[in-house]
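The values are calculated or read from the model by the stated rules, or taken from the named source; none is laboratory data. Just so it is clear, the model here is predicted, and its values are computed rather than measured. FYI the Cβ positions are ideal-geometry reconstructions off the backbone, even for glycines, and counts take in every protein chain you see.
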Amino acid sequence: MSDTSTQVKPPAKTGEPDGMTEQEPVAEPMTVEQLASLAHDYQVPMSEETLKAIVGDGKEANPEKVQAFEAYLKEAAAGLFPTMAPQIRAGIKTGYLLDPYRQVGKRVLGDQFEPDFVGDPRSSAALSGGRDPKTGRPVPMTLDEWKQHLMAEPSFGWIKTAAGQRNLRSVMDAIRAGFNGGDSNSSMINPNAQPTGPAQEQS
């Protein structure tokens, strides 16, 4: 995940004696590509045309526009991800908050897995599929709840992974053992197995 925090210039000295307040940091100008990366960090979809309009006629958006744009992204992200709104408004980018879910997803389903937390209800369940035990309100899933969700939702295809196949074999072995008291060679499961009891009398 890219780290595109609003770049700041070192605080400028005011010329006052030590202990006096210095000027607030000022954002650096940003290109269309940098603005796109910033929007991605907040998980807010933005079209290239919109970003170009923000930049205007020049090659970069001026610092004032960059600051206003990031303030807008914070509010937009808080609306898209309401259960994470307090952290987003406090300055933690959405992408950072979602990254643990992404990493767990890759461990469970493979490196090719890339969840869409905005457009895919299966993935966005991570953000509101939990419940606050005191209020009953939706909250983000715990990472363990998210893991179980990934394994239980058939369309994610966990059963086709190596871990899923191992789990399936274990379940089938347990079923076989339950049918024949631990003897996995029982004719109840294997129709080709030879009878183990006394031979029947011939008529």
statement: Across the stretch 41-73, the tally of residues that are farther than 15 Å from VAL118 by Cα and either surrounded by 17 or more Cβ atoms within 10 Å (Cβ to Cβ) or not small (Gly, Ala, Ser) (or both) stands at 20
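Given the condition among the hydroxyl-bearing types (Ser, Thr, Tyr) and touching a Leu at 6+ places or on another chain (Cβ under 9 Å), answer yes or no: does some residue in the stretch 152-171 qualify? Lay out the reasoning, then the answer.
We begin by selecting, within the stretch 152-171, every residue among the hydroxyl-bearing types (Ser, Thr, Tyr); these are 155, 161, 170.
The next check asks that each one be touching a Leu at 6+ places or on another chain (Cβ under 9 Å); those that pass are 161.
Yes, some residue in the stretch 152-171 is among the hydroxyl-bearing types (Ser, Thr, Tyr) and touching a Leu at 6+ places or on another chain (Cβ under 9 Å).
I need the helices (runs of 4 or more DSSP H) fully contained in the stretch 85-195, keeping only those with at least 2 residues that are at pLDDT below 90 and surrounded by 12 or more Cβ atoms within 10 Å (Cβ to Cβ). Explain how you work it out, then say what you get.
Working: elements: 85-89, 94-109, 121-128, 143-152, 162-179.
Once the helices (runs of 4 or more DSSP H) in the stretch 85-195 are filtered for at least 2 residues that are at pLDDT below 90 and surrounded by 12 or more Cβ atoms within 10 Å (Cβ to Cβ), what remains is 162-179.
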query: If we scan the stretch 87-98, do we find a residue that is in contact (Cβ under 8 Å) with a residue 40 or more places away in the chain and either among the polar types (S, T, N, Q) or more than 16 Å from HIS40 (Cα to Cα) (or both)?
result: yes
message: Pairs needed: first member in the stretch 41-66, hydroxyl-bearing (Ser, Thr, Tyr); second member anywhere, outside any loop (DSSP other than H, G, I, E, B) and surrounded by 11 or more Cβ atoms within 10 Å (Cβ to Cβ); C-beta distance under 6 Å; at least 6 residues apart or different chains.
response: TYR42/LEU73; TYR42/ALA77; TYR42/THR94
query: Looking at PRO17, PRO29, which one is at pLDDT below 95, surrounded by 11 or more Cβ atoms within 10 Å (Cβ to Cβ) and more than 23 Å from the chain's Cα centre (by Cα)?
result: PRO29
